[in-house]
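The structure under discussion appears below in the form of C-alpha cells.
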Amino acid sequence: MAGEEKGKYYSHVEPKLLLIEAWARDGVIDEEIAKNLGIAYSTLRDYIKKHSALSAALKRGKEVVDVEVENALLKRALGYQYDEVTKELKTVIDEEKGPIDILVETKRVTKEVQPDTTAQIFWLKNRRPQAWRDKQEVGLSGGLNNTTQDLSDMTPDERRARIDELNRRRGIGAPAAT
C-alpha cells in the first residue's frame with residue numbers, strides 16, 4: 001500500500017507542483033486542488049505533511065505572492081530609485097584560453113520612479129476604506145429649524161416690518177421706505 005501511495009504522489013502530484021501553486025494563487029481551495037489532482041482530500045493532507053515541495057508550493061501560492069504584490073504596490077505608490085546599468089561586450093585575452101568575450105559595465109545611472117497616485121488611491125481605498133472610499137456615509141442627527149416665512153402670505157406692512165427687522169439684525173441703514 002505504501003508503494004502505491006508513493007507512486008501516486010510522484011505520478012499525480014509532483015509533476016504538477018507549478019500548476020498546484022497557480023491554483024492556490026488563484027484562490028482554489030485544497031479540497032478542489034485534491035479533486036483536480038484525482039486524489040482524496042485526506043491524501044492531499046497527508047502528502048502536504050510528508051512532502052515539503054508540495055507544502056512549499058501551496059504556501060508560495062497562498063501567501064508569498066500576496067506579500068510580493070502588496071510590496072510591489074506599496075513600492076509603486078511611494079516611488080523608488082533604481083540603477084540602470086549599461087554593459088558592452090569586450091574581448092580580453094586569457095593566457096590559457098585565448099580571447100574571451102565578457103560584459104563590462106560602461107555606465108551606471110540612478111533613475112527615480114515618481115510615486116504613482118493611482119497605486120496610492122488603490123492602496124488607501126483597500127487599506128483604509130472608512131476614510132478613502134468614494135461614497136462617504138454622512139448622517140444627520142437632530143432636527144432642522146426652518147425659520148423662513150413665505151412673503152406671499154404677508155401684508156405689505158408685515159413685509160416692511162420683516163425687512164426692517166432683518167436690516168436691524170445685520171446693522172444695515174434706515175428702515176425701508178413706504
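The values are calculated or read from the model by the stated rules, or taken from the named source; none is laboratory data. This one's a predicted model, so the numbers in the text were calculated from it and none came from an experiment. Methodologically, a virtual Cβ is constructed for each residue, glycine included, from the backbone with ideal geometry; neighbour enumeration extends over all protein chains shown. SASA here: full protein model, heavy atoms, side chains in, ligands and nucleic acids out. Shrake-Rupley method; radii C 1.70, N 1.55, O 1.52, S 1.80 Å.
Taking only the stretch 43-53 into account, find how many residues are over 32 Å from the mean Cα position of the chain (by Cα) and open to solvent by 70 Å² or more (accessible area, probe 1.4 Å).
Going through the stretch 43-53 one residue at a time, the tally reaches 2.
Of (1) in contact with a helix residue (DSSP H, G or I) (Cβ under 8 Å, 6 or more places away or on another chain); (2) exposed (fewer than 10 other Cβ atoms within 10 Å of the Cβ), PRO99 satisfies all except one. Which?
Result: PRO99 passes all but (1).
Only residues in the stretch 111-133 that are over 11 Å from LEU74 (Cα atoms) count as the first member; pair them with residues that are assigned to a helix (DSSP H, G or I) and open to solvent by less than 70 Å² (accessible area, probe 1.4 Å), Cβ under 6 angstrom, at least 6 apart or cross-chain, and list the lot.
Close Cβ pairs (under 6 Å, with a partner that is assigned to a helix (DSSP H, G or I) and open to solvent by less than 70 Å² (accessible area, probe 1.4 Å)) amount to TRP132/LEU124.
Give the residues of the stretch 160-178 that are surrounded by 13 or more Cβ atoms within 10 Å (Cβ to Cβ), within 19 Å of ASP150 (Cβ to Cβ) and at pLDDT 85 or above, sorted by residue number.
Result: ARG160, ALA161, ARG162, ILE163, ASP164.
Given the conditions (1) in a helix (DSSP H, G or I); (2) open to solvent by 50 Å² or more (accessible area, probe 1.4 Å), report the number of the one that ALA56 does not fulfil.
Here ALA56 meets the rest and fails (2).
If you check GLY38, GLY61, GLY79, which single one turns out to be open to solvent by less than 90 Å² (accessible area, probe 1.4 Å) and modelled with pLDDT of 95 or more?
GLY79 is the lone residue from the list that is open to solvent by less than 90 Å² (accessible area, probe 1.4 Å) and modelled with pLDDT of 95 or more.
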